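Just below is one structure, and these are the notes that go with it.
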Amino acid sequence: MTFPARAVAAAATLLVVAGLVAPPVTARPAPAPARSQRPGQASRSPAIDIVDQRAVIAADGTFRLTVDVSAAPPGGRLTTRLHRPVEDRDQFRESQFVANLPDSVEDVPAIETDDVPPLDDGTRRLTISIGLLQPGGSSAGTLNLSRGLREDGVYPVVLRLEDDEGTDLATAVTYLVRFGSDREGTRPLATALVLDLGVAPTIAPDGTTRLPAADLERLSAVVDAAGRHPEVPLTLVPTPETIDALARDPLRGADLLARLRAALPGRQLLDRPYVDLPLGGWIAAGLDEELTRQRDRGTAVLTEHLARPDGRTWVADEQLTTDAAARLRQLGVDQVVVGPGVLAAPADDNSELDVTQPFQLATGLASPLRAASVDPFLQQGFTREGDDELIGHHLIAELAVMFFDDPTGDRGVVLRPPPRWRADAGRLEVILDGLEDSRAVLAPTTIETLFERVPLATTDEDDDGDDEDDPPVVRRLAATSGPRLDGYAAALGEARALLASFAGLVGLDAPIVASFDQRLLVSGSEDLSPARRDRYLAVVADAARSPARAVEAPLRQTVTLTAREADVPLTLRNRSERRLEVVVQLTASRRLEFPQGTRIPVTLDPGSTLVNLRVRAPVPGDTPFEVRVTSPDGNLELAQTRVTVRSTAVSGIGLILSVGAGGFLVAWWFRHWHRARRERRAAARLAHPVAT
């Protein structure tokens with residue numbers, strides 16, 4: 001179905017105003033004057049609540065409607081009026097508020113409420129029947145139309161509870177959907193119901209976990225409704241962190257997870273990041289690597305606990321930007337579902353918005369995404385206040401209106417509740433029942449099948465009415481940049497680097513490392529406030545720095561070496577309860593050498609560890625060297641100290657020189673002594689000559 005953009009805005013305004021000033025679908029005015037009540041029965045306002053009705057009937061079928069009437073006064077009655085079919089969705093939405101109703105067809109004979117015995121809670125259960133092409137007369141609550149209804153369509157049925165003076169006390173509007181036997185050439189409207197399965201993060205910054213009972217009940221409502229309708233194709237979008245939380249709970253969580261696995265056959269399971277992210281802001285902040293990490297972890301969790309998810313289909317939120325769409329395309333996503341308000345308005349105000357056909361979504365790359373848009377009015381049906389049964393039927397009836405707009409066209413629509421929808425079991429049950437029972441006009445399907453079955457919308461630029469050779473419609477996103485997360489991006493990068501250093505100290509397989517990594521992933525959740533988000537990062541960063549407070553090195557010390565090469569003892573103390581794999585880094589001048597190298601891996605068990613550092617001092621004298629104890633990657637310093645080496649050993653060259661000098665002196669002395677002796681002998685011979 002197509003409708004102008006201005007009409008969309010006008011209709012949306014009408015719904016907002018109607019929600020503020022018009023009575024709700026089930027009217028509940030001020031209480032009537034006091035009347036006798038059953039003992040223990042609480043006072044109620046008059047109301048009409050739908051209990052059960054058929055979604056679609058054939059040309060010769062019977063429309064049956066069961067309602068509960070509350071607080072009917074003595075002499076009250078229930079009237080029912082059948083109107084002609086609505087012409088379009090605008091009239092349909094107005095008719096829900098008893099406005100702009102088509103002409104009436106006929107009235108069903110009224111039911112006197114006093115003639116119906118009350119139930120235990122004081123309500124009265126009434127049945128209205130409208131037979132098409134049915135013989136016989138009419139009676140209270142029963143209308144037989146021997147000629148039936150002439151045309152297919154969606155017929156408003158208005159119910160009013162009146163007092164004995166004819167004053168309206170409560171009003172409800174539901175719909176009879178008539179689809180005849182001549183169905184040749186018709187194509188049911190492909191209807192892809194997308195159900196999210198996620199709650200706010202269950203892991204606190206300190207690592208404690210909590211899955212509130214209310215969240216568990218909400219998830220159970222969706223899973224159990226899907227399980228009761230195995231023949232209805234669905235697209236399920238679970239949040240991996242929520243699935244992790246269910247797997248941790250050995251009782252109710254594990255049981256719910258088992259029921260979810262049982263409900264998966266025939267359904268499409270979509271891949272997701274570990275937590276729901278403000279994707280546009282993440283890409284704008286340069287967190288591409290973190291996005292990959294989120295997707296990898298999400299895929300692993302879903303594969304482990306459910307099944308291998310579909311990674312080529314993405315369900316986006318209002319944070320989608322052009323840059324984010326481009327990044328998704330690079331990650332292998334080629335089809336996307338966008339929410340209301342995400343698309344930019346067409347440049348031409350007269351161009352039409354068609355939510356029943358996919359289109360191309362510009363990404364700024366050569367290859368666009370295949371996209372479909374969630375219908376905003378259908379999405380409102382999940383959150384409107386009122387009788388759940390009635391509003392559920394309204395949603396099915398509106399889908400039927402869309403079908404009758406072009407019953408022979410290949411068209412489809414995406415039906416998705418708002419994010420974090422507080423699932424109402426009754427309303428969802430009615431919707432699934434309606435999809436299952438309305439296959440003549442609606443074809444329940446997955447997102448995957450919708451894209452396969454429904455062709456792309458085309459522009460018809462040549463106005464020849466033939467769309468076969470026309471280019472596809474290309475839409476653009478309204479947001480060009482997401483929310484700024486620069487501060488978070490920098491803090492996350494710092495925490496991630498500290499965690500890498502910590503993992504090198506305690507071991508990559510240590511459970512505490514996985515816990516810290518999980519908390520960094522959770523910190524990206526769009527459900528968190530900025531302060532709460534920063535708290536996750538601060539806790540992990542502080543814990544990753546804790547070894548720096550646990551490792552101690554001795555104060556400065558001086559060691560005397562009596563040999564050229566010896567071990568210098570260094571005692572390190574580990575005050576933590578974990579074994580730490582550290583690196584001792586040594587820095588000195590050229591006067592010292594380290595035969596073991598300047599980076600020495602050391603294992604520090606809790607307590608004291610003696611490390612012998614091999615040092616060579618080629619030159620005697622005092623020479624200091626620096627000792628740093630760090631993480632294996634060198635980014636986290638745990639302790640430092642300075643050691644002075646005092647070498648008293650003589651070097652090889654010095655020894656040679658000393659020996660040489662000593663030999664020279666001995667030789668000189670011996671030569672000097674020998675010369676002096678000869679001179680003394682010569683002098684003696686001269687003084688005492690011997691006679692010949």
What pairs can you find where one residue is in region 489-500 and in a helix (DSSP H, G or I) and modelled with pLDDT of 95 or more, the other is of a type in the set (Ser, Thr, Tyr) and open to solvent by less than 20 Å² (accessible area, probe 1.4 Å), and their Cβ atoms are less than 7 Å apart, with a gap of 6+ or different chains? Leu492/Ser523
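Conditions tested, residue by residue: (1) in contact (Cβ under 8 Å) with a residue 40 or more places away in the chain; (2) within 26 Å of Leu432 (Cα to Cα); (3) hydrophobic (A, V, I, L, M, F, W, C); (4) in contact with a helix residue (DSSP H, G or I) (Cβ under 9 Å, 6 or more places away or on another chain).
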position: Val154; (1), (2), (3), (4): yes, yes, yes, yes
position: Thr167; (1), (2), (3), (4): no, no, no, no
position: Gly180; (1), (2), (3), (4): yes, yes, no, no
position: Thr186; (1), (2), (3), (4): yes, yes, no, yes
position: Pro205; (1), (2), (3), (4): yes, no, no, yes
Output the residues belonging to region 116-156 that are small (Gly, Ala, Ser), open to solvent by 50 Å² or more (accessible area, probe 1.4 Å) and in a loop (DSSP other than H, G, I, E, B). Gly136, Gly137, Ser138, Ala140, Ser146
Could you please find all residues in region 70-110 being touching a residue at least 24 places away in the same chain (Cβ under 8 Å), out of contact with any Ser or Thr (no Cβ under 8 Å at 6 or more places or on another chain) and assigned to a strand (DSSP E or B)? Thr79, Thr80, Val105, Glu106
Kindly indicate whether Glu436 is open to solvent by 40 Å² or more (accessible area, probe 1.4 Å), within 26 Å of Ile50 (Cα to Cα), of a type outside the set (Phe, Trp, Tyr) and assigned to a helix (DSSP H, G or I). yes
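Residue-by-condition table, conditions (1) within 22 Å of Gly61 (Cβ to Cβ); (2) of a type outside the set (A, V, I, L, M):
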position	(1), (2)
Arg89	no, yes
Ala99	no, no
Leu132	yes, no
Ser139	yes, yes
Asp164	no, yes
Gly180	yes, yes
The condition of being crowded, with 16+ Cβ neighbours inside 10 Å, more than 30 Å from Val454 (Cβ to Cβ) and of a type outside the set (Phe, Trp, Tyr) holds, among Asp288, Asp215, Asp196, Asp271, only for Asp215
With open to solvent by 10 Å² or more (accessible area, probe 1.4 Å) and closer than 25 Å to Glu526 by Cα as the only criterion, which of Ala262, Ala221 stands out? Ala221
Regarding region 4-25, can at least one residue be identified that is assigned to a helix (DSSP H, G or I), buried (at least 17 other Cβ atoms within 10 Å of the Cβ), out of contact with any Lys or Arg (no Cβ under 9 Å at 6 or more places or on another chain) and at pLDDT 90 or above? no
Across (1) open to solvent by 40 Å² or more (accessible area, probe 1.4 Å); (2) at pLDDT below 95, Glu231 clears everything bar (2)
For region 287-299, does any single residue satisfy the condition of being outside any helix (DSSP H, G or I) and either at pLDDT below 95 or on the phi < 0 side of the Ramachandran plot (or both)? yes
Across region 173-187, what is the total count of residues that are part of a loop (DSSP other than H, G, I, E, B) and polar (S, T, N, Q)? 2
From the option list Pro407, Pro340, Pro346, Pro376, single residue qualifying as surrounded by fewer than 21 Cβ atoms within 10 Å (Cβ to Cβ) and under 30 Å from Ala245 (Cβ atoms) is Pro340
Quick check, is Gln330 over 17 Å from the mean Cα position of the chain (by Cα), within 17 Å of Asp271 (Cα to Cα), touching a residue at least 24 places away in the same chain (Cβ under 8 Å) and open to solvent by 40 Å² or more (accessible area, probe 1.4 Å)? yes
Considering only residues that are acidic (Asp, Glu), touching a strand residue (DSSP E or B) at 6+ places or on another chain (Cβ under 7 Å) and either in a loop (DSSP other than H, G, I, E, B) or modelled with pLDDT under 80 (or both), which ones fall in region 333-355? Asp334, Glu352
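The values are calculated or read from the model by the stated rules, or taken from the named source; none is laboratory data. This structure is a prediction, so every number in the text was calculated from the model and none was measured. Glycine gets a Cβ as well: all are built from the backbone with ideal geometry, and neighbour counts include every protein chain shown. Side chains included, ligands, DNA and RNA excluded: accessible areas come from the protein's heavy atoms. Shrake-Rupley method; radii C 1.70, N 1.55, O 1.52, S 1.80 Å.
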